Amino acid sequence: MKKSPAKLPLKRKFIAVLIAAILPGFGHMYLGLAQRGIQFIAVLLLDIAALFYFTSKGIQINVPLLILLALMIPVIYFYNVYDVLQSTDWINDHIKALIPKYKRRKSFAGVRGISFGLVLMAEGLLICMFLVRPYWLRNIVSFWGGYIIAVVCIVIGVGLLAFQIVRIYRTIQKHKSSATSQAVGGASNDR
C-alpha cells in the first residue's frame, strides 16, 4: 500500500547526517536516494582501491598522484555529508508541499538506469584490476603514468580555459545586446 504524500513522515536531518558520517552513502539511502548513495559508495571504494594499488611495492608511481588520491577521500566524505544535508531539505520541502519526492519507477529501468549500471560495472572492473595487479597495468603505470597525468591535467586546463572564454564571450554579447536595445529604445522615444 502506497502512502499519500500528506502522510509521508519528514526525514530527520540529524539522523541522515549521522548515518552519512558513519557510513558514507547510507545517509542517501535513508532519504530514499539509493542510486546516489550507491554512487558515493562506489566512488569512495574505487578511490581507496586505487590508493592501495598505487602504493603497493611492485609499482613505482609519482608522489603527486598518491597525494591526490589520498586527498580525494576526505573530499568525497565531506561532500557526501554536505549533499545529505541539502537533499534532506529538498525532500522535506517536497513532502511539505504535498508533491511526491520522485516519480515511482523501477530502479534500473530506462536509459538512466542503464548508464548507472554501466558505471557500476566499470568501477567494479577497475577495482578488480587494482586487486589482481596485471603485469600490463603495472608497466603502463610505471612507464607512462607521469605522461598520462600530465596530459589529463593539460586537457582539464584547456577545457576550463575554453569554458571561461565562452562564459566571458556570452557576458559581452549579453551586455552588447542590452546596450543596443536601450539605444534603439531611447532613439524611438526621442521622436
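On the range 131-179, 75 percent of the accessible area sits on carbon and sulfur atoms, based on a 1.4 Å probe. Once the Cα-Cα distance is subtracted from the 0.36 nm per residue extended length, the Ile38 to Tyr135 segment shows a gain of 31.9 nm.
The values are calculated or read from the model by the stated rules, or taken from the named source; none is laboratory data. In this text, all values refer to a predicted model and were calculated from it rather than measured experimentally. We work out accessible area using only protein heavy atoms, side chains counted, and drop any ligands, DNA or RNA first. Shrake-Rupley method; radii C 1.70, N 1.55, O 1.52, S 1.80 Å.
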